[in-house]
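Since the structure comes first, as C-alpha cells, the remarks are kept for the end.
The values are calculated or read from the model by the stated rules, or taken from the named source; none is laboratory data. In this text the structure is predicted, and so the values were computed from the model without any measurement. Note that each Cβ is placed from the backbone with ideal geometry, even for glycine, and that neighbours are counted across all protein chains shown.
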Amino acid sequence: MDRGYVVERCFVSIICRKLKEAGINHSKAANTAFSNRKNGVNTWRDIRNFDRPKKPQRLNLGEAMALAAVVGEPLHSLLIEVEYALKNGWDLEKDDPSPLCREKQGRKSNQTIVGQ
C-alpha cells in the first residue's frame, strides 16, 4: 500500500482524536479549516470517512496545515506524532479512524477554535 496514503490516514485519525479531546465538533472544525470551500463540512466528511465504496478524498498539504491550526498545533508536531504512531504499530486496517471520526460528541461545542 502507498506509504503516503497510510501517513495521511494516520494524520486524519490523530486530527479526529484531537478534535474529540478538545470538544470541537466536526462541522465547526470543517467550516474553519475549509472556509474557502463551498461546503467545508462535506469536504471534511469525504476526507475522514474511508469505509465507503470509494476511496476517501485525499488531503493536501494546505488542508493539513488548516486542520493543524484548528487543533492549535503546528503541522510539524502532528507529523512527528504520525511518525511515532506508525513506528509503534499504527495500522490502517487495525486502527481505522472512521468510527472515531464519526462518533457523536453529544453536544455542540462552544469552544473557540485556535486561529479564528
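Worth a mention:
- Any hit, the stretch 14-26, residues being under 27 Å from residue 87 (Cβ atoms), within 13 Å of the chain's Cα centre (by Cα) and among the acidic types (Asp, Glu): yes
- Selection from the stretch 26-37 of residues that are touching a Ser or Thr at 6+ places or on another chain (Cβ under 7 Å) and either surrounded by 20 or more Cβ atoms within 10 Å (Cβ to Cβ) or modelled with pLDDT of 90 or more (or both): 28, 30, 34
- Tally, over the stretch 7-43, of residues that are in contact with a Gly (Cβ under 6 Å, 6 or more places away or on another chain) and either within 17 Å of residue 61 (Cβ to Cβ) or among the polar types (S, T, N, Q) (or both): 2
- Taking the stretch 72-90 as the range and being under 16 Å from residue 16 (Cβ atoms) and either more than 15 Å from the chain's Cα centre (by Cα) or among the small types (Gly, Ala, Ser) (or both) as the test, the residues that pass are 72, 85, 90.
- Selection from the stretch 14-37 of residues that are aliphatic (A, V, I, L, M), in a helix (DSSP H, G or I) and in contact with a helix residue (DSSP H, G or I) (Cβ under 8 Å, 6 or more places away or on another chain): 14, 15, 19, 29, 30, 33
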